[in-house]
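Taking it in order: structure first as structure tokens, then the write-up.
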Amino acid sequence: RAHLANVLTEVTGVDKNIIYPALSWTQSLDKGDLVLAAPALRLPKGGPKPDQIVQDWAAKFPENDPLFEKPHVHSYFMSFFFKGAPLVNSILPTILQKGKTFGTNPSLGLKDPKEPSAGRKKIIVEFSSPNIAKPFHAGHLRSTIIGGFLGNLYEGAGWDVTRINYLGDWGKQYGLLALAFEKFGDEKALEQDPINHLFQLYVRINTEMTEEKEQIAKRKEAGEDVTEAEANSLDEQARRYFKKMTDRDEKALAMWKKFRDLSIVRYKQTYARLNIHFDEYSGESQVSEADMADIGKQLEEKKISKEDNGAQLIDFSELVPGKEGKRLEKPLVRKRDGTALYLTRDISELLARHAKYNFDKMIYVVASAQDLHLKQLFKIIELLGHKDIADKCQHINFGLVLGMSTRKGTVKFLDDILRDVADKMHETMRKNEDKYNQVENPDAVADVLGISSVMVQDMTGKRINNYTFNMDQMTSFEGDTGPYLQYAHARVCSIKRKAGLSDEEIASADFSLLTEAHAVNIVRLLAQWPDVFSNTLRTLEPTTVLAYLFKMTHALSSSYDVLRIMGSEPAVLKARMALYEAAHIVLGNGMRLLGLSPVERM
Ligand code: ARG
């Protein structure tokens, strides 16, 4: 597409940025490979008519272009067909050579992430951000999957990526949790499974607290004096505990820090299963109180916030004209007792990150339930006089996962979910005994397949759509699922094993032997990869990549009977193997870009 846009710019003098968006890949071979729709060109009004433009441009298109035939014209469309042999001869060697040297670089043909980082753009991707001691719920799973993918995407495009996990690790509930641990905690259980243990404590103390509140209310109603009961209530004790934490009481902080550290250790194990690492574990607790005090002062001085009953709030309807001001509502930035809020912390954290990293872009991967919160945040940064910084920030939102609702006591942690799915995959694998016996480490493979099931289901639709968590559907081999994608990858690997050719032999193939429609179709798809990649940088949707990979798997599976390896004469065998190997490389790179671990056998 880029090549065509360049050639057309050269012969017509029209800006490449006008031509490029009007070019698109076709869906089927008979309509050519790419098509240019003249009405999609944003040319100044009053010029020649669309059908004249295409006639004129087609006439100017060079006969001797290395990649494309002279275009066909019909009404106001121009269709471009690849010159078969040149396409095959240029795409396949490129992939066979560069796909390998770029290692895991998914972007193939773009920048190598191992190049020195000087001069690269800097991006912060904040994602996952669970709340310690609360379940890692579906929203965090989605943030983790999408954020992991976005990090890979920008890395592949040559950006310098910093991945930040902004933990929910501060607030009165952690005072309550520490209290719970003092009352009924178990040191050993905490070491062994901190996330579960902390969660159990959390549930237990919350239940007791609710009961206690009800009792006090009843006694109050009956006219009893409850002053003492209230002063000694769990709620009050938790508040005092948290107060000790904010006053930097060492003992109180030590307990909290232990919870936090142990939780991070466990998180890291889960993230490793998902091929994810973080460069920084930040969190609500890490925001500097001094910075927040300073920002509070600025907000008051600049008349952005105002006093309301001892608290500070921002009334956007007075600051931002029209509907937008109303829509932004009236968030609090400081409570009456002087404590900061979730929003206040985010303001401070954003500015601190900018000071620390001087980023060119920052992405927040957070559920769409927090759309308003992030709009408020970016607007406040702007009102504080940092429009330049606010403009660099982007909220990447996503919809809900349905069917995972957590009735009391049946909360599922991410780890449990992944284990259930892996068990299910293991069961399925066992059904095919012959194959099963050839798999070296079936447990590990089942684990990867389970994770792929969950991830592919998550990435199938657009981010903003809700979807229903459906274990049977996601683990099925029918349809465009994770196991099917892995199967397609493993199958192309097995063909290579059976053919027994070395990479050198494959690279020396005579590509011009690949003339069949099925072969050309696969090569056309391969040629689209760089374009799919740059499209994805625009959509920031995992589904853009996934849909492409499934197209590739379909093209492959319909080719195996036609483009046989076994029984073909050696030169043809070699050429077909080159085709399959190129597809294997692109498939594997695409899967790694999404955060999946491609399996070789299953
Ligand atoms: N911990 C938060 C939650 O679970 C998500 C944090 C999102 N990031 C942020 N900078 N506010 O809801």
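The values are calculated or read from the model by the stated rules, or taken from the named source; none is laboratory data. From a predicted model like this one, the values you see are computed outputs, not experimental measurements. Glycine gets a Cβ as well: all are built from the backbone with ideal geometry, and neighbour counts include every protein chain shown.
A few points about this structure:
- The helices (runs of 4 or more DSSP H) found wholly in the range 128-208 and carrying at least 2 residues that are closer than 23 Å to Gln457 by Cα and either at pLDDT below 90 or within 13 Å of the ligand (Cβ to nearest atom) (or both) occupy 138-156.
- The single condition among (1) modelled with pLDDT of 95 or more; (2) away from the ligand (no atom under 16 Å from the Cβ); (3) acidic (Asp, Glu); (4) more than 19 Å from His386 (Cα to Cα) that Glu301 does not meet is (4).
- Output for the range 406-442, where each listed residue is small (Gly, Ala, Ser) and at pLDDT 85 or above: Ala422
- Pairs linking a residue in the range 126-139 that is touching a residue at least 12 places away in the same chain (Cβ under 8 Å) to a residue that is within 9 Å of the ligand (Cβ to nearest atom) and among the charged types (D, E, K, R), with Cβ atoms under 8 Å and 6 or more positions apart or on different chains, are Asn131/Asp169; Ile132/Asp169.
- Note on the range 382-408: residues that are touching a Gly at 6+ places or on another chain (Cβ under 9 Å) and either of a type in the set (Phe, Trp, Tyr) or within 12 Å of the ligand (Cβ to nearest atom) (or both) amount to 2.
- Evaluation of Leu96 against (1) crowded, with 22+ Cβ neighbours inside 10 Å; (2) at pLDDT 85 or above (one fails), failing number: (1)
- Count of the range 324-381 residues which are within 16 Å of the ligand (Cβ to nearest atom) and either among the charged types (D, E, K, R) or part of a loop (DSSP other than H, G, I, E, B) (or both): 14
- Any hit, the range 539-548, residues being more than 18 Å from Phe149 (Cβ to Cβ) and either crowded, with 20+ Cβ neighbours inside 10 Å or more than 32 Å from the chain's Cα centre (by Cα) (or both): no
- For Trp159: the one exception among (1) over 20 Å from Ala252 (Cα atoms); (2) in contact with a Gly (Cβ under 8 Å, 6 or more places away or on another chain): (2)
- Qualifying residue in the range 287-304 (condition: touching a residue at least 12 places away in the same chain (Cβ under 8 Å), surrounded by 19 or more Cβ atoms within 10 Å (Cβ to Cβ) and among the polar types (S, T, N, Q)): no
- Where helices (runs of 4 or more DSSP H) fall entirely within the range 441-527, those with at least 2 residues that are of a type in the set (Ser, Thr, Tyr) are at 442-460, 482-499.
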